[in-house]
1. Does any residue of the stretch 175-192 turn out to be more than 20 Å from Asn36 (Cβ to Cβ) and under 17 Å from the mean Cα position of the chain (by Cα)?
2. Restricted to the stretch 205-220, and to residues that are open to solvent by less than 10 Å² (accessible area, probe 1.4 Å) and touching a helix residue (DSSP H, G or I) at 6+ places or on another chain (Cβ under 6 Å), which residue is farthest from Gly152 (Cα to Cα)?
3. Of all residues in the stretch 35-56, which are open to solvent by less than 30 Å² (accessible area, probe 1.4 Å) and over 19 Å from Phe211 (Cβ atoms)?
4. Being in contact with a Leu (Cβ under 8 Å, 6 or more places away or on another chain), open to solvent by 50 Å² or more (accessible area, probe 1.4 Å) and modelled with pLDDT of 85 or more: is that true of Phe225 here?
Amino acid sequence: MQDFLQFTLTGITIGSIYAIVALGFVTIYSVTKVINLAQGEFVMLGGLTMFSLVSVGVPYWLSFIATILFVTFIGWLMEFLLIRRAKGADAISLIILTIGTSIFIRGISSMVWGKDQHTVAPFMDNTPVTIGGASITPQSIWVVLIMLLVVGLMYMFIDKTMLGKAFQASSVNPMAARLMGISPKRMSSFSFVLSASLGAIAGLAIAPIIFPAYDMGAMLGIKGFSAAILGGLGSAPGAVIGGLLIGLFESMGAGYVSSGMKDIITFSIFLLILIIRPNGILGEKTIGKGGL
């Protein structure tokens with residue numbers, strides 16, 4: 001029972017990060033129908049930017065803000081310079097464009113930060129806390145709390161603000177939204193800004209746990225995209241559920257079978273669920289309609 005609790009806590013921690021990354025995929029897809037395979041690079045940039053700022057003595061709270069602003073600017077720049085210019089391109093071309101952007105960002109990052117992993121100090125004293133015989137570090141608790149805060153703020157924004165309702169309108173029917181005076185172009189730009197900020201938050205949260213490096217974004221992007229697909233690509237709640245499930249599958253597979261087999265076990269279960277529910281756990285037959 002103690003082992004099960006330990007694996008569960010670890011899985012929730014890992015899954016919380018996947019959930020935030022998955023929310024980034026859903027945010028962009030809901031409005032633009034673009035699958036942004038550079039989402040993992042936003043997480044990587046968040047972790048490495050956090051490392052740079054903290055290492056030169058910038059206070060933590062200021063590092064948080066600066067990291068989010070910097071990565072958010074990169075997300076806006078990506079939409080403005082690339083996605084908007086490729087308006088009218090087919091889905092495959094846009095996916096290839098985001099893959100190329102991902103490779104470009106990774107290459108620049110390797111030149112700026114090198115190819116080594118970097119160490120970021122935890123937010124506070126990281127002495128493990130014991131819960132029911134299982135141990136969890138305060139930084140892991142921070143990761144889960146940040147995920148819950150992000151989900152709560154996303155819900156408040158989407159359901160309780162006029163900008164959020166405009167965001168939803170552009171997601172459901174861009175033509176009708178345009179007739180109501182809402183600019184789908186601006187909502188598209190905003191979706192990339194919001195997605196990049198989510199990636200930055202995920203990156204700075206895990207920087208003290210997973211030593212950031214220039215190539216960390218690729219696998220995080222794959223896991224986050226898998227979480228979004230598992231939950232239902234147009235569903236924000238589904239993204240959270242999918243992220244937590246993949247984190248739990250991974251942790252249980254590593255704990256009870258082998259750490260070398262965790263990805264095989266995780267994606268085997270992932271494929272089995274998709275065979276049963278091809279549109280994901282909370283996905284609709286028309287993916288992306290009313291996703292947020």
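1. No; the residues of the stretch 175-192 include none that is more than 20 Å from Asn36 (Cβ to Cβ) and under 17 Å from the mean Cα position of the chain (by Cα).
2. Going residue by residue through the stretch 205-220, those that are open to solvent by less than 10 Å² (accessible area, probe 1.4 Å) are 205-207, 212-213, 217.
Those left that are additionally touching a helix residue (DSSP H, G or I) at 6+ places or on another chain (Cβ under 6 Å): 205-207, 212, 217.
Details: Ala205: 17, Ile206: 19, Ala207: 22, Pro212: 26, Gly217: 25 Å.
Ranking the candidates gives Pro212 first.
3. Our first condition is that a residue be open to solvent by less than 30 Å² (accessible area, probe 1.4 Å); within the stretch 35-56, this holds for 36, 38-50.
Passing the criteria: Asn36, Ala38, Gln39.
4. Values: in contact with a Leu (Cβ under 8 Å, 6 or more places away or on another chain): yes; open to solvent by 50 Å² or more (accessible area, probe 1.4 Å): yes; modelled with pLDDT of 85 or more: yes.
Yes; evaluated as a whole, the condition is true for this residue.
The values are calculated or read from the model by the stated rules, or taken from the named source; none is laboratory data. None of these values were measured; they are calculated from a predicted model. Don't worry about glycine lacking a Cβ; one is built from the backbone with ideal geometry, like all the others, and counts go over all protein chains shown. Ligands, DNA and RNA are stripped out before the accessible areas are found, and what is left, the full protein with its side chains, is counted by its heavy atoms. Shrake-Rupley method; radii C 1.70, N 1.55, O 1.52, S 1.80 Å.
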